[in-house]
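Have a look at the structure below before the remarks.
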Amino acid sequence: MDQVIRQQIQRATQSARRLLEAEFAEQLEGTYDILPDGTIHDEPGTHLNDRERLTRRKLVDAIQHRIAGGQTSAEAVADYTREAAFTFLNRFVALKMLEARNLVQQCVSRGELSSGFKEFTGLAPGLAELPDKGYRLYLECLFDELSIEIKVLFDRRDVASLLWPRRQTLTDLLAILNQSELAAVWGQDETIGWVYQYFNSSEERKKMREESQAPRDSHELAVRNQFFTPRYVVEFLADNTLARIWYEMRQGTTRLKEQCRYLVRRPTEIFLKEGETPSERESDENLKQEELLKQPVHIPFRAKKDPRDLKILDPACGSGHFLLYCFDLLLTIYEEAWQDEESPCAKNVRGPDGESPAGTLHEDYETIDGLRAAVSGLILRYNLHGIDIDSRCVQIAAFALWMRAHR
């Protein structure tokens, strides 16, 4: 993804953020009597109906929870507004990406004229009587359906989901996301990661650093240290950890040699057998660099494992960039293990029936097509793990991996 495209994503993300934060701040103050300075009226206004009173109570609880965590009243209101804007934007970016992969019917690319919404209203003609013709209800039904598999992003019970933009704001948001110059980005897996990166502006980071040398809370820690790792760094680190481990288990017989362009290998590697130790040799102290590179390198024996026993943890996963690349490596690893007659059984793993212990991959999946049909689920269930101090990262990483699995 080149710089021009990234700049277009940055402009769109910042425009969408300003739009949604202004909308939600106006609703908090004008509808729910929650002011920007943190002042909250003791009693709800008489203009609220029963549903809006319940929403207000949940909003107040969410803000007071932040205050209990150490934020000032004004910071708590601003933090909630930001979280609500981010979550709403994330969901619509996700829908654009799902449309591009034909995982959902057209739902936001043409707004209320989208083909999926037309079909929805055809099943319930009475929706036409609603102020928005039922468009919000349609999108919420989509969220509920998607949350069955990816709850962390689409769960409407999340307190960040309490507010919904009014019709003109929603129209303006769709206009931003549906710009023609952005059409190509929705098919790329990393787009939602760039949206996360650009949601916080460089001016915001600069202001934080000017006000305090050290991050003052988890939000600042996440924002100030936010960095979308370049692809070559991701490949180099994964090639020389996960791929290198598999390379040594297979004693160099793996397609990862061609697949991993940053895998570090020496031209004269000698793989030792189980229990074998390298013979002593003369000191290398007096050898030149060119001569050292030609010396044999003994690789200690590494026992084979079933791929389901390989664990990958990214302790600061961000948008899941490392995990997505590891997913690609694991596809090759699983197929090679299935084809290897000497591949061992998995340990502490149940077989496809969920009852008996797993055998070898070849025993559990009779055909390569059977394995390929199951491998995405196996990778997500057994191999990939990510954590992050910023809960918003969890939304994005989970969604990115879920999309990758579907692809």
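The values are calculated or read from the model by the stated rules, or taken from the named source; none is laboratory data. The model shown is predicted, which means the values in this text are computed figures rather than measured ones. Ideal geometry is used to build each Cβ from the backbone, glycine not excepted, and the neighbour counts take in all protein chains shown. Only protein heavy atoms, including side chains, enter the accessible area calculation; ligands, DNA and RNA are left aside. Shrake-Rupley method; radii C 1.70, N 1.55, O 1.52, S 1.80 Å.
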Between Q7 and E341, how high is the FRET efficiency from 1/(1 + (r/R0)^6) when r is the Cβ-Cβ distance and R₀ = 56 Å? Nearest 0.05.
0.60
Options (1) 31, 26, 22; (2) 48, 27, 20; (3) 35, 24, 18 - which one matches semi-axes √(5λ) of the Cα gyration tensor in Å as calculated here:
(2)
Rounded tilt (10° steps) of 3-30 against the dominant C-alpha axis of the chain
40
Taking R0 as 41 Å, what FRET efficiency do you get between E43 and I387 from their Cβ-Cβ distance, rounded to the nearest 0.05?
0.50
Let a ≥ b ≥ c be the square roots of the eigenvalues of the Cα gyration tensor of the range 1-157; is it rounded (a/c under 1.5), or, if not, prolate (a/b larger than b/c) or oblate?
oblate
Contour minus Cα-Cα span, Q259 to E355, at 0.36 nm per residue, comes to 31.0 nm
I'd like the FRET efficiency for E129 and R407, computed as 1/(1 + (r/R0)^6) with the beta carbon distance as r and R0 of 51 Å, rounded to 0.05.
0.80
Test of understanding: extend the Cα→C-beta vector of A374 to 7 Å, then name every residue of the range 334-355 with backbone N under 16 Å from that spot.
334-340, 343-355
How far is helix 391-406 tilted off the main Cα axis of the chain, in degrees rounded to 10, range 0 to 90?
60
Output the 0 to 90 degree angle, nearest 10, between the alpha-carbon long axis of helix 73-100 and the longest principal axis computed from the alpha carbons of the chain.
60
Specify whether the C-alpha gyration tensor of the range 270-407 places it in the rounded, prolate or oblate class, a ≥ b ≥ c being the square roots of the eigenvalues: rounded for a/c under 1.5, otherwise prolate if a/b is larger than b/c and oblate if not.
oblate
Run the accessible area of the chain with a 1.4 Å probe and give the carbon-and-sulfur part as a rounded percent.
50
Express in nm, to one decimal, how much length is gained between E290 and K151 on full extension, taking 0.36 nm for each residue of separation and deducting their alpha carbon distance.
44.5 nm
Rounded accessible area per residue of the chain, 1.4 Å, Å²
53
